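Report on one structure; see the data block that follows.
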There are 4 protein chains.
Amino acid sequence: MRREEYIQILDGTHPDHGRGVALVHQGLIVLSGLAISLETIPDLPGWAHTALFAFEAFVVATFVVEYLARIICAKRPFRYIFSFWGIIDLLACLPALLIVQQQWAAIRSLRLLRLIRLLKLLHANRALIRLEQALAKSRGELLVFSFLAAIILYIAGVGIFIFENEAQPEVFSSIPKGLWWAIVSFTTVGYGDMYPITPEGRFFTTVILFLGLGVIAVPTAIITTALINTDLKETIEREVEEEVGEIEREVRKDLAPFKRKPTRRS
Amino acid sequence: MRREEYIQILDGTHPDHGRGVALVHQGLIVLSGLAISLETIPDLPGWAHTALFAFEAFVVATFVVEYLARIICAKRPFRYIFSFWGIIDLLACLPALLIVQQQWAAIRSLRLLRLIRLLKLLHANRALIRLEQALAKSRGELLVFSFLAAIILYIAGVGIFIFENEAQPEVFSSIPKGLWWAIVSFTTVGYGDMYPITPEGRFFTTVILFLGLGVIAVPTAIITTALINTDLKETIEREVEEEVGEIEREVRKDLAPFKRKPTRRS
Amino acid sequence: MRREEYIQILDGTHPDHGRGVALVHQGLIVLSGLAISLETIPDLPGWAHTALFAFEAFVVATFVVEYLARIICAKRPFRYIFSFWGIIDLLACLPALLIVQQQWAAIRSLRLLRLIRLLKLLHANRALIRLEQALAKSRGELLVFSFLAAIILYIAGVGIFIFENEAQPEVFSSIPKGLWWAIVSFTTVGYGDMYPITPEGRFFTTVILFLGLGVIAVPTAIITTALINTDLKETIEREVEEEVGEIEREVRKDLAPFKRKPTRRS
Amino acid sequence: MRREEYIQILDGTHPDHGRGVALVHQGLIVLSGLAISLETIPDLPGWAHTALFAFEAFVVATFVVEYLARIICAKRPFRYIFSFWGIIDLLACLPALLIVQQQWAAIRSLRLLRLIRLLKLLHANRALIRLEQALAKSRGELLVFSFLAAIILYIAGVGIFIFENEAQPEVFSSIPKGLWWAIVSFTTVGYGDMYPITPEGRFFTTVILFLGLGVIAVPTAIITTALINTDLKETIEREVEEEVGEIEREVRKDLAPFKRKPTRRS
């Protein structure tokens, strides 16, 4: 009984003082993310480095303590350790080892793991679950359209290589580079690092772009449809039920004098 | 009675001559916005500067007069002064002080306050209120998605820094710069000031971009759903009520001969 | 009777041979548009110029003949001349005058008028009318959002000028230039000719961009809602009517034995 | 009987072992697409070239065998050969001829044909068919808007040429170049290779851009409406039927004691 309460406090579901701990906890995650970001600014003064390192050490210590507390207090510790959130919690503690041995070359890329802490913030959100259901329903359509989009991207990448390779051998030097151009163009980002210059390349781009933007517009429509269906279904159900129920009551009231026996159902 | 009428005239809700005053008033705000904009064009001839300054002084004077009139005519002056629109009106008058003492360094940035006047134009718009209601309903989902978007932006900013820092140390010099890249890319603006050049950076961009654009497509779907729900609910309600009401009348007419006593409800 | 038929032939509504004339007519408009476009390519060979000029003369002659035919055959010629399509037809003939006097300086910009011919192709399209009705319904909301978008654009243009003018006095030299940046950024085109470089300018861009993109996403939602409402209203009406009608028939059949007198309404 | 089974195996619809063959088949297509892409990377080591060529030869051989098998096993071979998928299968085999005679100049562009294999993956997908129905319903509207978009693109291309040709004679040298700018701008890609610099050109861009983006937003709304209609129609039908059916049962149960004869319909 006692032990479960500690986990409730850490999760923010404890009736008395859990909410406060959870908010401090989540604030710490966000601040830690900002600290990781600020650390990388070049020409940072020495005191800032020291402060950020101290904060970093404090945050990681907190997570280690939390992880140990969760193992100790869990009803079934092994089940927690190998659960999805157990692994996330462990990964959040790993940077502790790196502070001891800072010279490792892999230190930089492992930092990314700390970001996974942020996923905790979404732990069991109701709005997210509702959307997940809507997405689950339209999974089939979304899959087909991801696939269609991949094909169009591939055709675009190959096509632009064929049309532009001779005119710009340095820029469109291979199909993988053409694919990068296709991705930058279809997402309509358009950095301007690569663009067709030949008339045939531009004509190909025009045709494939309008086709591809249509394909990209459809998933938005699909998600919208799924969300509206989930919501409107309830509305229609409730409305029809309510109205039809009213006339039912009216008709039965009118018929009441004719009945000799009381109806079984109220 | 007399005093309230002045406020009605200023608000444009007066039955007789309020509408005209309000239109002149709103036109003045828009013209003043244009004047602020034109003032900044370099190499403007002297007469233009003089004309714009005179117009500026006239507009600010109008707003000071309006603000004083509203205080004098208000039933509860203090309530107006500390209300939202009271503060907006006061801020709109502040540039009057700056004309007296033009050399202040802060003069430039305080100019922005004059733009707040424009907010007055939206004072009590019906279409806006309807949308606000739709937004209020889907606030939960929109919050979650703002949060999800923030996380993806953060991961994108950190990831691109890790992948591109070595190849382009000048361009991707820190995580905050990576975040700027992430914002420019996810909004699909793509200025072209920063873009990945390494194969792994480009692959990371591709994955994160398609994920992120999906997350950005969902809020549009949510707002659409909320708007449609508000509108369709009424349609369904009306339709079902009408149709069900008709059969109710029909059934009751048919049953009429059987009744000995008149029904209490018509 | 005879005269009206000629107009029907020109409009493509004649029962016998109108359709063919209208298709030739519309093809001529599209070909003329392509010819105008090709004319401007520099270093065009002489024979191409001659051919394009001859085609141009032929097209304009056709339109002059058509315009005169429409005036002669119209029941009320003056009503046609001053109607919307009458003026469009007259403007389409104007380039005829320019062929006579080619040296005019205004010749270039007046060419744009010929494009108005293309509007004829949309003459009385059913799908377009249906959309117009949907747009007309949501005119209020769309107006408010155009206005909101204008305000955000204005704030963005002024803000970026304040933040970036000192760092890039050449690029962000005035508020009108800031407004151009705002338009290029909010439409997510992002040419890359102007972009913020100071941290405060970038932070301002981030905040205003997410706010503004939300405002731009709403009109899409509004148009979708209007279109869905128009379509679904009919569906709901039909469905509810059908289903409720069925139970009506059932109930009345069951009640039939009780009736002494036939119901007045079938 | 025997022959049809072979085709079922190749199509992946065979009850016993068809699924496995189809998956290997589709995997081969995707891998072949990747191989084509990797082949083009410059400075590829010799062994990689050899490996990719061998894989290529293997894939094409597989397709030739499959094509022949399909002809032999088809009930009506000629009907298959001249069907849509028969032609696609034949085109997928063509690169076999090119391996024999590699020096042909057309070899590069004919490679694109191999991509058509990918279309096979979409063979008879249910989600795609459902979308096709939704698109078929709104074909009229989509056609009108493609047309409207084409007109606006044309006007934009001509307009920008008129406004910018004098200021940037090299960049906006002809209307076709203006059309390329219009396409890059309206799709909001914005590479940054061409952009207006004159105030009138920028003003024209602003007006035409907001108009054009609205036109492009409508097709998304139309597709969403078509999808929602298809889905919601069923929901409404089911809901109303269910609810009305329930009250029908209730009312008839209440009326049962009055009936002398059993109702004919249950």
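Every number in this text was worked out from the coordinates using simple rules, so none of it is lab data. Quick caveat: nothing in here was measured; it's all calculated off a predicted structure. Heads up, the Cβs are rebuilt from the backbone with ideal geometry, glycines too, and the neighbour counts pull from every protein chain shown.
Odds and ends about this structure:
- Copy C relates to copy A by a rotation, and the C residue whose beta-carbon is nearest that axis, with the distance in whole angstrom, is C:Gly192, 3.
- Each other copy holds its own label point for A:Gly46; taking that point as 7 Å from Cα along Cα to Cβ, the gaps run 5.8, 5.8, 8.2 nm, nearest first.
- Shortest-first nm distances, A:Phe203 label point to equivalent points in other copies (7 Å, Cα→Cβ): 3.7, 3.7, 5.2
- Across peptide C:199-209, the mean count of Cβ atoms from other chains lying within 10 Å of each residue's own Cβ comes to 3.
- Whole-Å distance, taken between Cα centres, linking the range A:25-95 and the range B:163-195: 26
- Rh by Kirkwood over Cα pairs, then Stokes-Einstein D for the range B:25-77 at 0.692 mPa s and 37 °C, µm²/s: 262
- Near A:Lys177, once Lys and Arg are set to +1 and Asp and Glu to -1 for all other residues with Cβ below 11 Å from its Cβ, the sum equals -2.
- In loop segments of the range A:20-96 as defined by DSSP, the chymotrypsin sites (Phe, Trp or Tyr not before Pro) with at most 11 further C-beta atoms inside 10 Å of their C-beta are A:Phe82.
- Cβ neighbours within 10 Å from other chains - mean over B:176-187: 6
- Ascending list, in nanometres, of distances separating the C:Ala57 label from those of the other copies (7 Å, Cα toward Cβ): 6.5, 6.5, 9.2
- Label-to-label distance, nm, for residues given as A:Leu34 and C:Phe203 (7 Å Cα→Cβ offset): 1.0
- Partner chain coverage, peptide A:23-34 - average Cβ within 10 angstrom: 1
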